[in-house]
Structure formats: structure tokens, C-alpha cells
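Step one of this worksheet: look at the structure below.
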Amino acid sequence: MSLSPIDWTQAASDLDSYGAAVLPGLLGSAECAAIIGLWEEEGRFRKHVSMARHGYGSGDYRYFAYELPAPVQALRSALYPPLATIANRWAELLGREERYPEAHGDYLARCHAAGQARPTPLLLRYGPGDWNALHQDLYGEHVFPLQLAILLSRPGEDFEGGEFVLSEQRPRQQSRPEVVALGQGDAVLFPVRERPVRGPRGWSRVQMRHGVSRLRSGSRFTLGIIFHDAL
Ligand SMILES: O=C(O)CCC(=O)C(=O)O
Ligand SMILES: [Fe+2]
């Protein structure tokens, strides 16, 4: 798999300003199709979740089992180091003690030592009328602060509707919505739980949630990459 070059200066600046950054064309259409094709390979997954059954919205997702498929493993380990740099800067701004090592393997060792040893990368599938409730992907005490979702289907061709949505809950203020327009193969980077925002009296912390608006028609697949593992 070949990753297109990523403008990390732009991505960090967008994350700081809006709490979201798009990595345009991270995957090509053939790579997207190959990852969608994994959905049918049941043996690749450790768990299948029906969102309606849990009150999470409507649609399905499947958590990959270890060993992760090669492109998923490659994305997870290649994207971690620049994200760890941003995460460490944010931790400092927020007065958090935790710091993130340079290599993903070292961070996973920390998760695994705390009993968080199940892989969290997932494939999501939405059909007509499906949606994903605003949520946070927390699976234990260890939370790597940034994650990404890659849109694998073609908006306007494979599906209509189904916009990626973020909400930012500001202390003592109303929440701010952010809708992220994605094309096939684009990734959106976003905070798992919180991010620093500069206010009149220094930095403060806002809570973030993400979800997906209702699909009007068609079929939409996403690959989610989360860097902490699950209990
Ligand atoms: O389908 C999407 O765009 C959102 C997926 C999601 O919730 C995730 O990757 O954690
Ligand atoms: Fe999620």
C-alpha cells in the first residue's frame, strides 16, 4: 500500500482550529474497494455489532481481529508517530500528565499491560436510513487522543446523505457542530474525547463527539482507526 504524502503542518493547524482535519485522497479507489471486500471475510473480525441493538443508531460494524489486514496495520503504525507529536503538544496545553511514545508498538505495550489487548480498528457499513449516534470511542483507561475514519465509498454515487459530524461541547456554552465533507479515500482526523481551545483566560478543554447523519440512499463503508486497544 502506498500512502499519498500528508501535509502534517496543515493537518495540525486544522485540528487546532476546528478539531478536525481532512487528509485528502489518503487511499486510492482500488485500495478502498479491497478494504470494503474484507467485510465478507468473517474470519478477519473478532466482533460484529448491530448499532440498533445497542441504541448506537442504525447500521453494523465489525472489529478486526489481530493480525490486522496488512493495509490496516500499515495505516495504524504509519499514522501514529505524527499524531503522537500533536497528542503530546495537546497534553501539555491541557495540563495532562500522560505522554505518548514515538512508536505505536510501545504505546500498545502500555495498553496491553493494562489489560487493553483487543484490537479496535473497525469496518462500518451503513444502508438506507442508517446513522451513527454522536459518541466517543473509549475502551478503558488508556485513550490515545486522536483517531481517524476513512470514507471507502463514493458520496453521490454509492450513497447520498451520511455526512460525518462532530459536536464540540464547550464549557457553559452551547455546542458547536462541524460537518466534514469527505470524498472516497479521504480520511478525517479528529479528537477521541477532548481538545484544547484557546479562550480569553488561556487554554480550556472542550468535549468532542462524532457520528454520522442519516443515509438517504445507497451503501456507505468506513474504515475506523483507533490507536488504543480495548479491554
Ligand atoms: O462512519 C463514520 O464515518 C464514523 C465511524 C466511526 O464512528 C469511527 O470510525 O469511530
Ligand atoms: Fe466512532
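The values are calculated or read from the model by the stated rules, or taken from the named source; none is laboratory data. Because the structure is a prediction, the values reported are computed rather than measured. Because the Cβ atoms are built from the backbone with ideal geometry, glycine has one as well, and the counts that use them run over all protein chains shown.
Identify, from the list GLU178, GLU160, the residue that is modelled with pLDDT of 95 or more, more than 22 Å from ARG62 (Cα to Cα), among the acidic types (Asp, Glu) and touching a helix residue (DSSP H, G or I) at 6+ places or on another chain (Cβ under 8 Å). The unique qualifying residue is GLU178. Scanning the range 188-231 for residues that are closer than 26 Å to GLU98 by Cα and aliphatic (A, V, I, L, M) returns VAL188, LEU189, VAL192, VAL197, VAL206, MET208, ILE225, ILE226, ALA230, LEU231. Among the residues of the range 187-215, those identified as of a type in the set (S, T, N, Q) and within 15 Å of ligand 2 (Cβ to nearest atom) are GLN207, SER213. Checked across the range 56-64, the condition of being at pLDDT 95 or above and loosely packed, with under 14 Cβ neighbours inside 10 Å holds for no residue.
On inspection, SER175 passes the criterion of being more than 16 Å from ligand 2 (Cβ to nearest atom), free of Cβ contacts under 8 Å to residues at least 60 places away in the same chain and among the hydroxyl-bearing types (Ser, Thr, Tyr). Contact map, the range 130-150: first residue of a type in the set (Phe, Trp, Tyr), second residue within 11 Å of ligand 2 (Cβ to nearest atom), Cβ cut-off under 9 Å, separation 6 or more or different chains; pairs are TRP131/MET51; TRP131/GLY57; TRP131/GLY211; TRP131/VAL212; TYR139/THR120; TYR139/ILE226; PHE144/VAL192; PHE144/ILE226.
Okay, residues lined up against (1) touching a Cys at 6+ places or on another chain (Cβ under 9 Å); (2) at pLDDT below 95; (3) exposed (fewer than 12 other Cβ atoms within 10 Å of the Cβ); (4) among the aliphatic types (A, V, I, L, M):
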residue: ASP7; (1), (2), (3), (4): no, no, no, no
residue: LEU15; (1), (2), (3), (4): no, no, no, yes
residue: VAL22; (1), (2), (3), (4): no, no, no, yes
residue: GLY37; (1), (2), (3), (4): no, no, yes, no
residue: ALA70; (1), (2), (3), (4): no, no, yes, yes
residue: TYR80; (1), (2), (3), (4): no, no, no, no
residue: TYR100; (1), (2), (3), (4): no, no, no, no
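For the range 216-231, the set of residues classified as within 11 Å of ligand 2 (Cβ to nearest atom) and either without any contact (Cβ under 8 Å) to a residue 60 or more places away in the chain or within 9 Å of the chain's Cα centre (by Cα) (or both) consists of GLY224, ILE225, ILE226, listed by residue number. Among the residues of the range 222-231, those identified as surrounded by 21 or more Cβ atoms within 10 Å (Cβ to Cβ) and either more than 23 Å from ALA114 (Cα to Cα) or near ligand 1 (Cβ under 7 Å from one of its atoms) (or both) are THR222, LEU223, ILE226.
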